[in-house]
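Following: one structure in structure tokens, then a few remarks.
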Amino acid sequence: MSKSGLKSKITAGVLFLFFMLILVSVVGYYYLTRLNNEARMVLEDNYESLEYSREMLWALNNWPNATRFETALAKQQENVTEPGEAQVTMSISIFYKSAAGAPQLSPIVAKALRQEIDKLMDLNMRAIVRKNERAGKTAETALVYIAIISGVCLLLGITFVYNFPGYIADPIQKLTEGIKGIANKQYSQRLHFKSGDEFGDLANAFNIMAQRLDEYEHSNLARILFEKQRAEAVVSSLKDATIGFDVNDVVLFANKQALQLLNLGEGELPGRTASEIAQRNDLLRYLVTETSNVPLKIVVDGKESFFTREMADIMQDGQRIGYVIILRNITTFKEQDIAKTHFIATISHELKTPLAASDFSLRLLEDERTGPLSTDQRELLDSLKQDNRRMIKMVSDLLDFSRVESGNIQLQIRSVKPAGIVDYALAAVQRQADEQQVTINYVPDDHLPAITADAEKAAWVLVNLLTNAIRYSPQQGVIQLALQPVDNTLVFSVADNGMGIPVAFQQKIFERFFQVPGMESQKGSGLGLAIAREFIEAQGGKIGVESTEGKGSRFYFSLPLSPAESLLIS
């Protein structure tokens with residue numbers, strides 16, 4: 001029996017609306033093109049003729065000025081587009097040739113020339129009015145057609161929106177009520193849909209299911225078998241490797257994926273304790289003893305695969321009756337992450353060379369020996385320099401971040417004096433602070449303990465925090481830079497009195513590519529703080545922020561003291 005399915009009905013309705021939308025687009029495009037062509041014809045044909053006529057009148061009024069008159073006349077002869085325009089242009093040419101070369105223009109000839117030029121201007125002015133009226137009629141026609149088609153689409157759309165939700169929602173609501181009834185063991189529930197589409201098939205399938213459940217309900221054995229089969233089906237259908245244990249660490253079940261990873265047979269796990277199996281299986285021993293969520297690398301069929309370990313407790317009546325260990329395959333995501341890191345590194349490396357070359361070219365343009373620049377040119381050059389340097393910084397940030405992610409950055413950890421890090425950072429940002437009229441307050445302390453860190457990376461992080469503070473501080477603002485020993489660490493803090501960071505975004509600003517919405521002067525890549533966090537954590541430190549919206553922010557990071565200093569403090 002042929003019947004129209006729900007999918008076919010929806011497809012037909014959407015295709016019809018899509019066809020109407022295309023029709024509106026085609027009609028609009030057609031008439032807009034016509035209007036554009038007619039406007040261009042007015043500009044190209046008639047407006048230029050009027051300009052040539054004005055040029056010839058000016059030449060007549062300033063006689064002799066043969067060159068300007070001849071130039072305008074020659075251009076007009078090439079722009080004859082209206083009926084009768086050729087004869088008028090020819091008359092102008094004849095009268096002009098009769099007077100060409102004369103020191104004084106004869107009044108009769110001058111009058112004749114002016115009359116012919118007036119005719120030429122009048123022809124083109126009437127043509128402009130005529131074409132404008134035609135364009136207006138075209139626009140009115142387009143509006144009528146588009147209004148009619150849009151009205152039809154609107155009526156059909158309103159009808160579709162008004163009727164379709166009920167057509168879909170009503171059967172779903174009845175199905176939901178029926179499912180709830182089945183869940184409450186009310187197997188007498190039945191659905192009756194008159195539609196001949198998928199909802200009708202759904203109702204028939206539901207009724208068959210309810211009938212069979214009613215039959216099985218009268219048999220305890222059937223019910224037990226059903227529950228057992230359903231549990232086995234659920235476990236087997238899980239795509240992730242899953243192993244279940246009871247409170248005594250006895251294996252209850254394991255799906256095929258788990259058996260494959262453990263390299264065990266189907267009957268070797270259930271009923272045995274985890275400690276018994278762990279004696280001859282290193283992977284299972286790791287799964288039951290390890291508590292961290294570090295990605296695990298396992299060789300499967302000769303290929304390296306990556307998994308994360310998750311553990312979930314099985315609860316019944318508020319008591320723990322067992323637990324499940326799940327190994328989620330994240331190989332695809334790991335490969336994509338590696339590919340993304342390599343791609344960013346490659347693109348950044350390829351971009352760095354042309355950007356450096358363009359920066360060198362801009363410097364050459366600044367050199368007076370290449371020629372003086374006007375004020376406007378120098379402003380454009382300064383703008384280009386700022387944009388180019390911002391691009392170079394962004395590419396450098398991307399390179400640094402890709403190296404951090406790939407583990408290619410080698411840290412030179414050693415005992416260093418914090419004063420050198422601070423002096424370098426202050427020197428690097430002083431010029432920017434002067435340009436923004438921002439004061440950086442710092443009280444040097446020669447008695448600060450040495451730290452164990454990579455001086456270059458620590459200085460990079462401090463420069464980044466100072467640069468951000470300068471960028472978001474108001475003019476005449478003050479930035480407080482302070483260093484203080486705290487619990488075998490040295491804390492570097494940068495506090496500003498800028499706009500502050502909303503509480504909702506304070507935990508996200510250290511994520512890659514994140515920028516606070518609505519913040520002004522967002523000229524960065526959104527990578528600086530993410531790289532800073534990676535650098536500090538790689539050195540065994542911590543980084544964070546404290547901020548009050550409207551009052552300012554305080555960014556800080558800590559680095560461990562050198563062993564000798566830690567002993568002295570303790």
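Coordinate-derived values only; no laboratory data. Predicted, not measured: the structure shown is a model, and the values here were computed from it. Note that we place each Cβ from the backbone using ideal geometry, even for glycine, and neighbour counts take in every protein chain shown.
Express the Stokes-Einstein translational diffusion coefficient of the range 414-569 in µm² s⁻¹, to the nearest whole number, given a Kirkwood radius over alpha-carbon pairs, 37 °C and a viscosity of 0.692 mPa s.
207 µm²/s
Among 155-163, 476-484, 535-543, 464-472, what's the highest-first ranking by average C-beta atoms within 10 angstrom per residue?
Going from most to least packed, we get 464-472, 535-543, 476-484, 155-163.
Using 28 Å as the Cα-Cα cut-off, could you pick out the over-long pairs in Lys256/Lys508; Lys256/Lys297; Lys417/Lys542; Lys185/Lys239; Lys239/Lys297?
Check vs 28 Å cut-off fails for Lys256/Lys508; Lys185/Lys239.
Work out, step by step, the length gained on full extension between Leu238 and Glu177: first 0.36 nm times the residue separation, then minus their alpha carbon distance; give nm to one decimal.
The Leu238-Glu177 span can extend by a further 19.1 nm.
Using a Förster distance of 45 angstrom, determine the FRET efficiency expected from the C-beta separation of Gln437 and Ile330, and round it to 0.05.
With R0 = 45 Å, the Cβ-Cβ based efficiency is 0.35.
Say each of Asn248 and Ala428 gets a label point 7 Å from the Cα, pointing the same way as Cα to Cβ; how far apart are those two points in nm?
Each label point is offset 7 Å from its Cα along the Cβ direction, giving 6.3 nm.
Extending each Cα 7 Å along its Cβ direction at Asp214 and Thr273, get the distance between those two points in nm, one decimal.
For the pair Asp214/Thr273, the computed spacing is 5.1 nm.
Points 7 angstrom from Cα along the Cβ direction at Gln260 and Ser93: gap in nanometres?
My value for the distance between the label points is 8.7 nm.
Give the residues of the range 262-286 whose amide nitrogen is closer than 13 Å to a point set 7 Å from the Cα of Val300 in the direction of its Cβ.
Once the point is set 7 Å along Cα→Cβ of Val300, 262-263 turn out to lie under 13 Å by backbone N, inside the range 262-286.
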